[in-house]
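Read through the structure below, which is laid out as structure tokens, and then see the notes.
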Amino acid sequence: MPEPAIFQQALAGEPLDFNGEDFQIINQTVQRTQELLKKFNHIDQTPEQRRATLSQVVGYSVPESAEINAPVHSDFGPHIFIKDNVYVNQGVMFVDLGGIYLDEGALIGPGAMLITVNHLEDPAQRRNVQARAVHINRNAWIGASAMILPGVTVGENAIVGAGSVVTKDVPANMVVVGSPARVLRRVKGTSQE
């Protein structure tokens, strides 16, 4: 079954009318996700039960090699895309309406926030939202309590320092730190090409 048109519009980065009739589909999805995440975050869930519950949230079978630790939080759910060998530590927040793509081997530190949604600047349109995808590329590492803002791509093997606020793309093989994040140096063990 294809996704509702408003979901596709969100992934395409189109502005969404918060008061529009079709926005109710998003609200219904949010409610479903919250119920499933309560189950996922319950202390008595086994890893297999958690993977099954998370698979219900995202709408596909989460890879067995991925480790997603509870608690995890999301304000939407179906637009989190997890590849093999992804590791997500505790307390991570996914604001995923615009699509969060965790490539193979990506590491997400505790308390990190990956945010794809922004409100429009015009005060008359402020309740409306516009989403832009976040990409965490292969083997990238997002440090504890870092914040990745809408539209950002973190390049392959890159490291985002703990507590950093990332407002623009991070080049592959680079370490970024600060708020706003800036390049500190090259990742050790990566060659310059």
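The values are calculated or read from the model by the stated rules, or taken from the named source; none is laboratory data. The structure displayed is predicted, hence computed values, not measured ones. Glycine gets a Cβ as well: all are built from the backbone with ideal geometry, and neighbour counts include every protein chain shown. Note: accessible area is taken over every heavy atom of the protein model, side chains too, but ligands, DNA and RNA are not part of it. Shrake-Rupley method; radii C 1.70, N 1.55, O 1.52, S 1.80 Å.
Just so you know, in the range 102-132 the residues that are closer than 19 Å to residue 180 by Cβ and part of a loop (DSSP other than H, G, I, E, B) include one that is most open to solvent (accessible area, probe 1.4 Å), and it is 121. Checked against (1) open to solvent by 80 Å² or more (accessible area, probe 1.4 Å); (2) part of a loop (DSSP other than H, G, I, E, B); (3) in contact (Cβ under 8 Å) with a residue 12 or more places away in the chain, residue 39 passes all but condition (2). Residue count for the range 134-152 under the criterion of being closer than 19 Å to residue 180 by Cβ and either open to solvent by less than 40 Å² (accessible area, probe 1.4 Å) or not in a strand (DSSP E or B) (or both): the result is 13. Contact map, the range 1-30: residues that are over 11 Å from residue 98 (Cα atoms) and part of a loop (DSSP other than H, G, I, E, B) paired with residues that are aliphatic (A, V, I, L, M) and open to solvent by less than 20 Å² (accessible area, probe 1.4 Å), Cβ distance under 7 Å, separation 6+ or inter-chain. Pairs shown: 18/129; 22/6.
Counting just the residues of the range 120-173 that are of a type in the set (Ser, Thr, Tyr) and without any contact (Cβ under 8 Å) to a residue 24 or more places away in the chain, which one comes out farthest from residue 76 (Cα to Cα)? Taking the candidates together, the pick is 164. Can you find a residue that is more than 13 Å from the chain's Cα centre (by Cα), of a type outside the set (Lys, Arg) and either open to solvent by less than 30 Å² (accessible area, probe 1.4 Å) or under 21 Å from residue 30 (Cβ atoms) (or both) anywhere in the range 88-101? No, the range 88-101 has no match at all.
As a summary of the residue check, residue 50 satisfies the conditions (1) part of a loop (DSSP other than H, G, I, E, B); (2) free of Cβ contacts under 8 Å to residues at least 40 places away in the same chain; (3) surrounded by 14 or more Cβ atoms within 10 Å (Cβ to Cβ); (4) not acidic (Asp, Glu) except for the one numbered (1). Does the range 59-67 contain any residue that is out of contact with any Asp or Glu (no Cβ under 9 Å at 6 or more places or on another chain) and exposed (fewer than 14 other Cβ atoms within 10 Å of the Cβ)? Yes, some residue in the range 59-67 is out of contact with any Asp or Glu (no Cβ under 9 Å at 6 or more places or on another chain) and exposed (fewer than 14 other Cβ atoms within 10 Å of the Cβ).
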